[in-house]
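Enquirer: Take a look at the following structure, please.
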């Protein structure tokens, strides 16, 4: 695993997988919100993750949680999109 973006702003790595039958019910959002809240409490300035360029549903999910594209590696449709989100006061200006 390699995210070609400086880790200073997004040092925590997040990953989530939900069974299809659990998707669209709010479980993923609640899980991500809980993890991000714990990271903030522990002083993490932000988090990053990687998602397949083919997975538009997941990209939209992460965007709704406040993640923004940092960099795209590879060529479509086989690209990997690295996304990041800053926490706390820094996030307000991002």
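Quick note: the coordinates plus some simple rules give every number you see, no bench work behind them. Since the structure is predicted, the reported quantities are computational estimates derived from the model, not experimental observations. Neighbour counts are summed over all protein chains in view; Cβ atoms, including those assigned to glycine, are modelled from backbone coordinates with ideal geometry.
Enquirer: Yes or no: region 52-65 includes at least one residue that is under 10 Å from the mean Cα position of the chain (by Cα), surrounded by 13 or more Cβ atoms within 10 Å (Cβ to Cβ) and in a loop (DSSP other than H, G, I, E, B).
Expert: yes
Results for (1) over 21 Å from residue 88 (Cβ atoms); (2) part of a helix (DSSP H, G or I), shown as yes or no for each residue.
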{"residue": "17", "(1), (2)": "yes, no"}
{"residue": "21", "(1), (2)": "yes, yes"}
{"residue": "32", "(1), (2)": "no, yes"}
{"residue": "44", "(1), (2)": "no, no"}
{"residue": "47", "(1), (2)": "no, no"}
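Enquirer: Is there any pair linking a residue in region 42-54 that is at positive phi and touching a residue at least 60 places away in the same chain (Cβ under 8 Å) to one that is surrounded by 18 or more Cβ atoms within 10 Å (Cβ to Cβ) and assigned to a strand (DSSP E or B), with Cβ under 9 Å and at least six apart or on different chains, and which?
Expert: If the second residue must be surrounded by 18 or more Cβ atoms within 10 Å (Cβ to Cβ) and assigned to a strand (DSSP E or B), no pairs are left.
Enquirer: Still on this structure, please answer the following. Say we look at region 66-90 and pick out the residues that are without any contact (Cβ under 8 Å) to a residue 24 or more places away in the chain and surrounded by fewer than 11 Cβ atoms within 10 Å (Cβ to Cβ); which of these is nearest to residue 39 (Cα to Cα)?
Expert: 89
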